[in-house]
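Novice: Just dropping this structure here.
The values are calculated or read from the model by the stated rules, or taken from the named source; none is laboratory data. Note that this is a predicted model, so its numbers are computed, not measured. Heads up, the Cβs are rebuilt from the backbone with ideal geometry, glycines too, and the neighbour counts pull from every protein chain shown.
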Amino acid sequence: MIDPFDNHVPFLPGFLDPVLDSQYTFRRVLKAMAHPARQISLEIEMQVPPPLYRTTGAICLTLLDLRTPVWMDPAERGEVAPWLRFHCGCPLVPFPSNARFGLIFRGEAVPPLHQFNLGEDEFPEGSATLIIQVKGFTSGIGKIFRGPGIKTTERLAVHGLSDEFWNFWGLNHRLYPLGVDVLFASDSAVVGLPRTIQVTE
């Protein structure tokens, strides 16, 4: 068993410049959440273990720490789990409901969103955020997005995402102010989907 805190274990490096790269990534994530359904480029040079994208790795190194329990599919965590523990110190939890963040490597395999922490009436901000890897985005086609941060509507196709996800999302949106928030990550961009956003055909 690999000890993630053993200094002799050769882990892939994280950010080339931890301060500047984390600041850059944080600004990109904030912009994505402030402008839902809009592609925000996230170009960063770093080495990550498969099946992570560099974008996903950057988001994880920016948002995760000792106080952010993370869930990921045990069958797919492979080299990612020890890498994250080494760089972020984040605890891994066995059940989605215990997680502050969910890391989903394949958009075709997103669990039902209600399995994650949806927050509480007094503390809705305590709900989970899901980071979901997808194959890419095409603006101007696909689903129609409405809500705060969108002037009228946005159209976006999210490639490599199960159709069932949008059924999960409809239920999640109706739970507002409870519910999870989502960050979609492709290999070069991030798209924010706060729980406030309604998605239709």
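Novice: So for segment 148-157 (the condition being hydroxyl-bearing (Ser, Thr, Tyr) and buried (at least 16 other Cβ atoms within 10 Å of the Cβ)), does at least one residue qualify? Steps first, please.
Specialist: In the first step, residues of segment 148-157 are kept if they are hydroxyl-bearing (Ser, Thr, Tyr); the result is 152-153.
Filter again for buried (at least 16 other Cβ atoms within 10 Å of the Cβ), leaving none.
So far as segment 148-157 goes, no, none of its residues is hydroxyl-bearing (Ser, Thr, Tyr) and buried (at least 16 other Cβ atoms within 10 Å of the Cβ).
Novice: Note down all Cβ pairs under 8 Å where the first residue falls in segment 43-63 and is of a type in the set (Asp, Glu), the second is at pLDDT 95 or above, and they're at least six residues apart or on different chains.
Specialist: Sorted first by the residue in segment 43-63, then by its partner, the pairs are Glu43/Ser188; Glu45/Arg54.
Novice: Just give me the residues in segment 15-51 being among the hydrophobic types (A, V, I, L, M, F, W, C) and part of a helix (DSSP H, G or I), in sequence order. Before the answer, list the steps.
Specialist: Just the residues of segment 15-51 that are among the hydrophobic types (A, V, I, L, M, F, W, C), to begin with: 15-16, 19-20, 26, 29-30, 32-34, 37, 40, 42, 44, 46, 48.
Val19, Leu20, Phe26, Val29, Leu30, Ala32, Met33, Ala34, listed by residue number.
Novice: Sticking with this structure for a sec: Sort through Arg146, Arg174 and tell me the only one that's in contact with a Ser or Thr (Cβ under 6 Å, 6 or more places away or on another chain), basic (Lys, Arg) and more than 14 Å from Glu108 (Cβ to Cβ). Before you say what the answer is, go through the steps one by one.
Specialist: Numbers: Arg174 fails: in contact with a Ser or Thr (Cβ under 6 Å, 6 or more places away or on another chain).
Arg146 is the lone residue from the list that is in contact with a Ser or Thr (Cβ under 6 Å, 6 or more places away or on another chain), basic (Lys, Arg) and more than 14 Å from Glu108 (Cβ to Cβ).
Novice: Would you point out which residue out of Ala34, Ala81, Ala99, Ala75 is within 27 Å of Lys143 (Cβ to Cβ), among the hydrophobic types (A, V, I, L, M, F, W, C) and either buried (at least 19 other Cβ atoms within 10 Å of the Cβ) or more than 16 Å from the chain's Cα centre (by Cα) (or both)? Full working, then the answer.
Specialist: On the way: Ala34 fails: either buried (at least 19 other Cβ atoms within 10 Å of the Cβ) or more than 16 Å from the chain's Cα centre (by Cα) (or both); Ala81 fails: within 27 Å of Lys143 (Cβ to Cβ); Ala75 fails: within 27 Å of Lys143 (Cβ to Cβ).
So the residue among Ala34, Ala81, Ala99, Ala75 that is within 27 Å of Lys143 (Cβ to Cβ), among the hydrophobic types (A, V, I, L, M, F, W, C) and either buried (at least 19 other Cβ atoms within 10 Å of the Cβ) or more than 16 Å from the chain's Cα centre (by Cα) (or both) is Ala99.
Novice: Name the residue, out of Ser188, Ser162, that is more than 14 Å from Ser127 (Cβ to Cβ), among the polar types (S, T, N, Q), surrounded by fewer than 18 Cβ atoms within 10 Å (Cβ to Cβ) and in contact with a Ser or Thr (Cβ under 7 Å, 6 or more places away or on another chain). Please lay out each step first, then the result.
Specialist: Numbers: Ser162 fails: in contact with a Ser or Thr (Cβ under 7 Å, 6 or more places away or on another chain).
Matching residue, one of Ser188, Ser162: Ser188.
Novice: Within the set of pairs 6+ apart or on separate chains, which have a first residue in segment 124-136 that is under 14 Å from Phe101 (Cβ atoms), a second that is among the aromatic types (Phe, Trp, Tyr) and part of a loop (DSSP other than H, G, I, E, B), and C-beta atoms under 8 Å apart?
Specialist: Ser127/Phe116; Ala128/Phe116; Leu130/Phe116; Gln133/Tyr53; Gln133/Phe105
Novice: If you don't mind, another one. Any chance you could count how many residues in segment 55-72 are over 12 Å from Ala99 (Cα atoms), of a type in the set (A, V, I, L, M) and surrounded by fewer than 24 Cβ atoms within 10 Å (Cβ to Cβ)?
Specialist: Within segment 55-72, the first condition is being over 12 Å from Ala99 (Cα atoms), and the residues that meet it are 55-63, 65-66.
If we keep only those that are of a type in the set (A, V, I, L, M) too, we end up with 58-59, 61, 63, 66.
Now drop any that are not surrounded by fewer than 24 Cβ atoms within 10 Å (Cβ to Cβ), which leaves 61, 63, 66.
Of the residues in that region, 3 qualify.
Novice: I've got another one for you. Among the residues of segment 150-157, are any closer than 16 Å to Gly57 by Cα and among the aliphatic types (A, V, I, L, M)? Walk me through how you get there before you give the answer.
Specialist: If we filter segment 150-157 for residues that are closer than 16 Å to Gly57 by Cα, which is where we start, we get none.
Checked against the condition, which is being closer than 16 Å to Gly57 by Cα and among the aliphatic types (A, V, I, L, M), segment 150-157 yields no hits at all.
Novice: From the residues in segment 149-160 that are touching a Lys or Arg at 6+ places or on another chain (Cβ under 8 Å) and aliphatic (A, V, I, L, M), which one is nearest to Glu108 (Cα to Cα)?
Specialist: My answer is Val158.
Novice: I would also like to ask the following. Please pick out the residue among Phe26, Phe11 that is surrounded by 13 or more Cβ atoms within 10 Å (Cβ to Cβ) and at pLDDT 95 or above. Give the steps one after another, and end with the answer.
Specialist: Details: Phe11 fails: at pLDDT 95 or above.
Unique residue meeting the criteria: Phe26.
Novice: Which one of the conditions (1) crowded, with 17+ Cβ neighbours inside 10 Å; (2) closer than 22 Å to Phe165 by Cβ does Cys90 fail to meet, given that it meets all the rest?
Specialist: The number of the failed condition is (2).
Novice: Then there is this: Which strands (runs of 3 or more DSSP E) does segment 78-176 wholly contain that include 2 or more residues that are touching a Gly at 6+ places or on another chain (Cβ under 7 Å) and not small (Gly, Ala, Ser)? Spell out the reasoning first.
Specialist: Working: elements: 101-104, 129-133, 136-146, 154-159.
Correct list: 129-133, 154-159.
Novice: Give the residues of segment 51-63 that are within 11 Å of the chain's Cα centre (by Cα) and closer than 20 Å to Gly126 by Cβ, sorted by residue number.
Specialist: Answer for segment 51-63, where residues must be within 11 Å of the chain's Cα centre (by Cα) and closer than 20 Å to Gly126 by Cβ: Ile59, Cys60, Leu63.
Novice: Turning to a different aspect of this structure: Which condition from (1) touching a helix residue (DSSP H, G or I) at 6+ places or on another chain (Cβ under 9 Å); (2) farther than 24 Å from Ser97 by Cα; (3) basic (Lys, Arg) is the one that Arg195 breaks?
Specialist: Status for Arg195: all satisfied but (2).
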